[in-house]
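The values are calculated or read from the model by the stated rules, or taken from the named source; none is laboratory data. All of these numbers come straight from a predicted model, not from anything done at the bench. FYI the Cβ positions are ideal-geometry reconstructions off the backbone, even for glycines, and counts take in every protein chain you see.
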Amino acid sequence: MTTLAHPGETLSADGLLPSAAPLALIDADGRLTPEAAGELTLPAPGVLRELHRRMVLGRRFDTQATALTRQGRLAVYPSSRGQDACQVGAVLPLRDSDWLFPTYRDSVAVVTRGVPAEDVLALLRGDWHCGYDPYRYRVAPQCTPLATNTLHAVGLAHAARLQAKDQVALVMLGDGATSEGDTHEALNFAGVWKAPVVFLVQNNGYAISVPLAKQTAAPTLAAKGIGYGIPSLLIDGNDAAAVYSAVRVAVDRASAGGGPTLIEAVTYRIEAHTNADDATRYRSSDEVSTWLERDPIARLTAYLSARGLLDDAAAGRLAAEAERLADGVRERMNAESTVDPAELFEHVYAHPTAALERQRAALLAELQEQEPAS
Amino acid sequence: MTTVMSASASAEETAAAVPAPVTMAAALNAALADSLAADDRVVVFGEDVGTLGGVFRITDGLASRFGERRVFDTPLAEAGIVGTAIGMAMNGLVPVVEMQFDAFAYPAFEQVTSHLAKLRNRTRGRLALPVVIRVPFGGGIGGVEHHSDSSEAYYTHTPGLRVVTPGTPADAYRLLRQAVACPDPVLFFEPKRRYWSRETAVLSVDGPPVDRAVVRRPGKDVTLIAYGGMVATALEAAAAALEEGWDVEVIDLRSLSPFDDQTLTASVRRTGRAVVVHEAAGFAGYGAEVAARLTEQCFHYLEAPILRVTGFDIPYPPPHLEKFHLPSTDRILDAIARLQWEGDNA
Ligand SMILES: Cc1ncc(C[n+]2csc(CCOP(=O)(O)OP(=O)(O)O)c2C)c(N)n1
Ligand SMILES: [Mg+2]
């Protein structure tokens, strides 16, 4: 009997489906999980210590940024507290040549990539630009229109392949963003092109107020990979070791020509959507408490301490480092920022058009008139 | 592994040095071929642009000549095409993508307006996106619904984009080559009703730069402003107007954004009268901007209000009805007649 198939149809789903339950390496109590975790392997002690250190620093940055919104120093801040393992675990496996495509939620990931903390906050403070040079850090501007960055990552990754550059693009998105059309187009393009790209979905259970159940009827978000011929992983997003290992597996596969991977990391945002949101309107404090017990930092602290990889002295030094980071951020954010309205016209085009030159001159003339005579 | 770098030959101009009859479609094809040959970073992609050569055959033969690393079919998804073009441009390529038809570019609107137009600004000039989006646009070809939109004003209203449209085959070649070389993103509107119109010309990139309007026919009585598919109609109207005693100057805008105030105001100040023509609906259309700008800059030179001849404010009509909708030479002549000429006793 001949099978009915068009050219290109592989008719096999082998190896594409995620595990039934999220894979973890270190459990919520800081113990190694008893079962094997698929392709995941426990990172070396040095990597685990670095994951821990970056999470502690990232958490301090995050709480500092939230505090700055209360003082009116930041217009808005979407916290990633609770998602620390994803923020850090996504970035540390990336090589210098790789690219990160973050969202508004992923400031800690951007800081972890090496962008100075105060530059990351430039936009949220109210500046008109993203605050850093994307080429310097290989970090795209933090993306607010949901899911649109997935396509940029696929394009960049495909261009790398066309030019025989060894580069992988990792794009971060939320559970809500998986419902946007661009996510599907990106997964599809990536699958067809075998683009070296990693999709990391931080499934924190909510898109602002809307719970996952209203977002999808799929058994898991990772399960969607199969529809695009993309292997996928479902992991415990509060286990930094698991996130690191999963991203590592995906980056290695992409770099070796094996194409894209979809990772769903199950996690939770402890804070409201942003400082402007009231989360009590859509979720219970019991639910939040349950997730506080699964804190990504606490579990790695427990694991490292139990093995003598983190003693009180080291923890103390780390706490002091985190305070210095927060001090620096506060200092820079409390300084009055200098804005130059003339620059608004500068980068709309490669060279300002004649019309923009006229508008700039008009604005400057207007400002000069307003200046009190001295 | 073959790379984009090694796949390209040295610049090999398809353009003949002696004037020869050429269609706009052939001129656009030559512009793409010469752009691909001249610059290794150029890649051409979209729906059916590879093996088929595009539904209008504008990319005919390019995939076989340059290979499918440089000219390729994509899955069917317009946001995907533009979104990935953005990522490719971030990584050093110069994507030239095709939207199959005007109305089928709408799914890409968010990528165009929120990212393509803004990323240079959002990165303080660090991230340039030299992307060209080719859009076959406009009616007059007996197309069924969704195949004849004039969508240019959606894009001209978006700062950060350049919007360009050729009126003649020679200009189609020149403007497309210049658009590919341009560091800004360009929406390149191709008047599909003129794809098969011929001109005897030498295809050359030299000539007026991409952001200048040109006087297609000098005249002293009235300035008739057109672009894209309406340039030929405007020239026909100008020829007919001569019989009525009006010497009409026809300006082909070429660049809708930025707008060439200089060429336009110079003409209108000379003639004192102006009519602007386009296929798109008139309400909040491109002609409103032209009329407003010229009124602001030429008020004391004007003998009459600037008039618009446009499509009606209706969804684009079906094939048998489109002739009632499209601006015709008669409608243009009527508008010229209403420009409060001396001796009128209105
Ligand atoms: C295209 C688009 N629609 C709506 C919004 C407004 N919005 C911002 S964040 C958000 C929720 C996104 O949820 P999710 O993708 O799960 O990410 P999370 O905020 O939970 O990290 C919405 C609706 C947007 N930014 N972009
Ligand atoms: Mg969410």
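So which residues in the stretch B:66-90 are touching a residue at least 40 places away in the same chain (Cβ under 8 Å) and more than 9 Å from chain A (Cβ to nearest Cβ)?
Filtering the stretch B:66-90 for residues touching a residue at least 40 places away in the same chain (Cβ under 8 Å) gives B:66-67, B:69-70, B:82, B:85-86, B:88-89.
Correct list: B:66, B:67.
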Worksheet entry | Total residues in the stretch A:146-173, condition within 15 Å of the chain's Cα centre (by Cα), within 8 Å of chain B (Cβ to nearest Cβ) and either over 19 Å from residue B:45 (Cα atoms) or touching a residue at least 60 places away in the same chain (Cβ under 8 Å) (or both) | 2
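Can you go through A:175, A:166, A:182 and tell me which one is within 16 Å of ligand 1 (Cβ to nearest atom) and surrounded by fewer than 24 Cβ atoms within 10 Å (Cβ to Cβ)? So that I can check it myself, show each step before the final result.
On the way: A:166 fails: within 16 Å of ligand 1 (Cβ to nearest atom); A:182 fails: surrounded by fewer than 24 Cβ atoms within 10 Å (Cβ to Cβ).
Criteria check complete, one pass: A:175.
Tell me which residues, restricted to the stretch A:267-290, are outside any loop (DSSP other than H, G, I, E, B) and either modelled with pLDDT under 95 or crowded, with 18+ Cβ neighbours inside 10 Å (or both).
A:279
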Fill in: Residue that is modelled with pLDDT of 95 or more, within 14 Å of another protein chain (Cβ to nearest Cβ) and over 25 Å from residue A:191 (Cβ atoms), where the choices are B:28, B:93, B:36, B:32
B:36
Practice prompt. Give me a count of the residues in the stretch A:335-371 that are aliphatic (A, V, I, L, M), within 27 Å of residue B:129 (Cα to Cα) and in a helix (DSSP H, G or I).
Written response: 6
Item to complete: Among the residues of the stretch A:178-234, write down those that are β-branched (Val, Ile, Thr), under 17 Å from the mean Cα position of the chain (by Cα) and either within 16 Å of ligand 2 (Cβ to nearest atom) or not assigned by TED's automatic domain parsing to the domain that holds residue A:259 (or both).
Response: A:178, A:183, A:201, A:208
Worksheet, complete the sentence: Those residues of the stretch A:187-217 which are assigned to a loop (DSSP other than H, G, I, E, B), closer than 27 Å to residue A:88 by Cβ and away from ligand 1 (no atom under 12 Å from the Cβ) amount to A:195, A:196
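In this structure, is residue A:237 on the phi > 0 side of the Ramachandran plot and crowded, with 16+ Cβ neighbours inside 10 Å?
Working: on the phi > 0 side of the Ramachandran plot: no; crowded, with 16+ Cβ neighbours inside 10 Å: yes.
So residue A:237 fails the test.
I need the helices (runs of 4 or more DSSP H) fully contained in the stretch B:66-178, keeping only those with at least 2 residues that are small (Gly, Ala, Ser). Before the answer, list the steps.
Numbers: elements: B:78-90, B:119-122, B:152-156.
Once the helices (runs of 4 or more DSSP H) in the stretch B:66-178 are filtered for at least 2 residues that are small (Gly, Ala, Ser), what remains is B:78-90.
Scan the stretch B:306-328 residue by residue and report those that are in contact (Cβ under 8 Å) with a residue 60 or more places away in the chain and surrounded by 17 or more Cβ atoms within 10 Å (Cβ to Cβ). Talk me through it step by step, then tell me what you get.
Within the stretch B:306-328, the first condition is being in contact (Cβ under 8 Å) with a residue 60 or more places away in the chain, and the residues that meet it are B:311, B:315-316, B:318-319, B:322, B:325-328.
Passing the criteria: B:311, B:316, B:322, B:325, B:326, B:327.
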Worksheet item: Which of the following residues is within 16 Å of ligand 2 (Cβ to nearest atom) and either more than 9 Å from chain B (Cβ to nearest Cβ) or within 30 Å of residue B:125 (Cβ to Cβ) (or both): A:143, A:130?
Response: A:143
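Of the residues A:81, A:95, A:105, A:136, which is assigned to a helix (DSSP H, G or I), in the same structural domain as residue A:203 (by TED's automatic domain parsing) and not β-branched (Val, Ile, Thr)?
Of A:81, A:95, A:105, A:136, the one residue that is assigned to a helix (DSSP H, G or I), in the same structural domain as residue A:203 (by TED's automatic domain parsing) and not β-branched (Val, Ile, Thr) is A:136.
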Worksheet item: If residue A:110 passes every condition in (1) assigned to a helix (DSSP H, G or I); (2) away from ligand 1 (no atom under 16 Å from the Cβ) but one, which one does it miss?
Response: (2)
Practice prompt. Starting from the stretch A:199-216, keep only residues that are surrounded by 14 or more Cβ atoms within 10 Å (Cβ to Cβ), then list their pairs with residues that are outside any loop (DSSP other than H, G, I, E, B) and among the charged types (D, E, K, R) whose Cβ atoms are within a distance under 6 Å, requiring at least 6 positions of separation or different chains.
Written response: A:201/A:264; A:203/A:264
